[in-house]
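The values are calculated or read from the model by the stated rules, or taken from the named source; none is laboratory data. Fair warning: this is a prediction, and the values are worked out from it, not measured in the lab. Because the Cβ atoms are built from the backbone with ideal geometry, glycine has one as well, and the counts that use them run over all protein chains shown. Protein only, heavy atoms only, side chains kept; ligands, DNA and RNA dropped before computing areas. Shrake-Rupley method; radii C 1.70, N 1.55, O 1.52, S 1.80 Å.
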Amino acid sequence: MSTISEEMSEIFYGNQIAQEIIHSSDKYDAVIIESYFLQEPVSALIHKFNCVGIEISSLGDSAWIAEMSGLPLNPAFQLDFKSRLSDEMSILERIYNVYVTAASLAFSYYHMYPMQGIMDKYFNYTGWETRPPLQKLLINRSLILVNSDPVLSYPYPTAPHVKNIAGLNLMPNKPLPNDLEEYMNGSEKGVIYVSLGSNLNTSEIMRSKIGHSFLKIFENRPQRVIIKWEKEVEHSEMLQNVRTGNWFPQRDILAHKNCILFVTHGGFLSLTESLFYGVPVIGLPFFGDQPKNMIQVHKAGYGLMIKDDNISVHSLTWALKEILSNPRYRNEAQRRSQMLRNRQHTPLAEAVYWVEHAIKYPNFLTPKSAFMSFWEKRIFDVGTFIIVIVSIISLFTTTMYISCKTNVRNKEQKAKLE
């Protein structure tokens with residue numbers, strides 16, 4: 001992914017529209033950017049416009065974001081999204097989590113060297129010569145907005161300028177199209193909704209795994225099924241209780257009273273929408289933060305996860321039977337739905353408030369630790385100082401001991417000679 005980000009830099013930053021922004025004379029109070037995930041060079045815009053820097057991230061569990069915020073992630077109980085673990089870890093899992101965290105940080109620090117070169121190449125606006133190094137630009141954040149919430153993941157400590165805004169995608173519902181409304185209203189046993197998000201084609205994934213048998217799983221079910229299925233289904237393969245389409249209004253379907261189950265890829269936005277409406281899930285995670293998200297769902301008890309190497313007619317049939325026959329999954333989803341809704345402010349109002357606060361009081365909430373080096377944050381400098389002092393004292397003591405012992409021995413030998 002790092003190599004791809006470097007190769008795509010010409011498209012990202014060298015295109016005409018980007019260059020017009022980079023060389024514009026516009027004035028801004030703040031720049032809201034997503035730079036912590038292989039897009040670090042855009043941090044130059046903070047210097048370019050001499051404005052407040054606000055980071056926004058779709059990933060809550062990130063060792064690099066924690067590092068840049070000044071509160072380094074503790075792998076004893078915190079996760080980087082690549083760990084694919086829960087916050088309850090065995091000793092071996094903690095060892096693995098330490099490895100993933102350390103590797104992520106080592107790569108991220110190394111990654112800044114090519115990103116510095118890319119920034120210098122494409123962000124060459126007037127006055128760029130006075131720009132501080134990339135690492136200092138990345139630290140200069142008055143606010144970090146993170147798509148996270150303890151209800152959807154797990155509670156963990158954050159720096160004062162890190163704010164959770166999970167649920168920003170929860171817009172007011174719209175009426176379903178008439179035909180879809182009738183289809184869902186007409187299902188006495190409820191409706192199962194299936195979608196693997198906008199980045200994956202359900203039809204292609206399922207063709208490579210279990211083919212059209214995936215559709216047959218729902219053949220004898222009493223529920224009606226809606227599947228985001230991009231490939232056109234032949235008439236002979238169409239089931240009476242299954243409706244396919246290359247796009248559906250997901251939030252409005254999940255909000256319908258007859259929606260009883262969501263089969264999802266485990267993306268955080270989809271899980272937020274599902275939990276907000278109290279709909280349990282079956283997760284088929286494939287990459288990124290999806291496995292970690294679904295592990296948390298499975299642990300929390302409002303869904304089941306099927307690993308990508310275990311997707312089969314048998315596993316899906318078992319999961320459907322388990323989650324639809326056991327009320328505890330839906331009960332937990334509805335309990336957490338109440339928790340997610342029980343907030344003093346909406347995520348949008350929360351985000352707006354903190355953005356305006358950051359503009360009025362730049363870096364007021366940013367801790368001093370954010371501006372410290374990797375070694376200083378972990379007091380390696382203090383540790384090194386102590387080791388040096390102890391070593392000097394030890395060396396001095398040993399030298400004095402040897403010297404004294406030698407003097408005593410010399411005196412004894414002199415006395416014998418006399």
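Things worth noting here:
- Residue list for region 345-385, filter: β-branched (Val, Ile, Thr) and surrounded by 12 or more Cβ atoms within 10 Å (Cβ to Cβ): Thr346, Val352, Val355, Ile359, Thr366, Ile379
- Restricted to helices (runs of 4 or more DSSP H) entirely inside region 58-166, those with at least 1 residues that are over 25 Å from Ser9 (Cα atoms) are 63-69, 91-122.
- Qualifying residue in region 318-328 (condition: in contact (Cβ under 8 Å) with a residue 40 or more places away in the chain and under 25 Å from Asn164 (Cα atoms)): no
- All positions within region 1-26 that are open to solvent by less than 40 Å² (accessible area, probe 1.4 Å), over 25 Å from the mean Cα position of the chain (by Cα) and either closer than 23 Å to Gly288 by Cα or touching a residue at least 40 places away in the same chain (Cβ under 8 Å) (or both): Gly14, Ala18, Ile22
- Glu181 vs. criteria among the acidic types (Asp, Glu), assigned to a loop (DSSP other than H, G, I, E, B) and modelled with pLDDT of 85 or more: no
- Scanning region 297-314 for residues that are open to solvent by less than 10 Å² (accessible area, probe 1.4 Å) and part of a helix (DSSP H, G or I) returns a single hit, Val297.
- Number of residues in region 386-418 that are surrounded by 11 or more Cβ atoms within 10 Å (Cβ to Cβ) and either in contact with a Pro (Cβ under 6 Å, 6 or more places away or on another chain) or at pLDDT below 85 (or both): the value is 0.
- Of the residues making up region 27-58, just one is acidic (Asp, Glu) and without any contact (Cβ under 8 Å) to a residue 60 or more places away in the chain, namely Glu34.
- Selection within region 87-101 - touching a residue at least 12 places away in the same chain (Cβ under 8 Å) and either touching a strand residue (DSSP E or B) at 6+ places or on another chain (Cβ under 8 Å) or among the hydrophobic types (A, V, I, L, M, F, W, C) (or both): Met89, Val98, Val100
- Each residue in region 52-68 was checked for being touching a strand residue (DSSP E or B) at 6+ places or on another chain (Cβ under 6 Å) and among the polar types (S, T, N, Q), and 1 pass.
- Pairing residues of region 167-184 that are open to solvent by 30 Å² or more (accessible area, probe 1.4 Å) with residues that are acidic (Asp, Glu), at Cβ distances under 6 Å and at least 6 apart in sequence or on separate chains, gives Asn173/Asp252; Lys174/Asp252.
- Scanning region 365-394 for residues being in a helix (DSSP H, G or I) and over 17 Å from Leu73 (Cβ atoms) gives a total of 16.
For every residue, the table says whether it meets (1) modelled with pLDDT of 85 or more; (2) of a type in the set (A, V, I, L, M, F, W, C); (3) in contact with a Ser or Thr (Cβ under 8 Å, 6 or more places away or on another chain); (4) over 24 Å from Glu322 (Cα atoms).
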position: Pro175; (1), (2), (3), (4): yes, no, no, yes
position: Val191; (1), (2), (3), (4): yes, yes, no, no
position: Asn201; (1), (2), (3), (4): no, no, no, yes
position: Glu237; (1), (2), (3), (4): no, no, no, yes
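- Pairs where the first residue, in region 247-272, is without any contact (Cβ under 8 Å) to a residue 60 or more places away in the chain and the second is open to solvent by less than 20 Å² (accessible area, probe 1.4 Å) and among the charged types (D, E, K, R), C-beta under 8 Å, 6+ apart: Gln250/Glu273
- Of all residues in region 280-296 being in contact (Cβ under 8 Å) with a residue 60 or more places away in the chain and within 20 Å of Arg335 (Cα to Cα), the one that is surrounded by the fewest Cβ atoms within 10 Å (Cβ to Cβ): Ile295
- Every condition in (1) in contact with a Lys or Arg (Cβ under 8 Å, 6 or more places away or on another chain); (2) modelled with pLDDT of 95 or more; (3) not acidic (Asp, Glu) is met by Pro72 except one, and the failing one is (2).
- Scanning region 257-276 for residues that are open to solvent by 20 Å² or more (accessible area, probe 1.4 Å) and either more than 23 Å from the chain's Cα centre (by Cα) or among the small types (Gly, Ala, Ser) (or both) turns up Lys257, Asn258, Ile260.
- Scan of region 35-57 for residues that are part of a loop (DSSP other than H, G, I, E, B) and among the hydrophobic types (A, V, I, L, M, F, W, C), ordered by number: Phe37, Leu38, Cys51
- Some residue of region 36-45 being open to solvent by less than 30 Å² (accessible area, probe 1.4 Å) and on the phi > 0 side of the Ramachandran plot: yes
- Close pairs from region 350-370: first in contact (Cβ under 8 Å) with a residue 60 or more places away in the chain and farther than 15 Å from Ile139 by Cα, partner loosely packed, with under 13 Cβ neighbours inside 10 Å and of a type in the set (Phe, Trp, Tyr), Cβ under 9 Å, at least 6 apart: His357/Phe364
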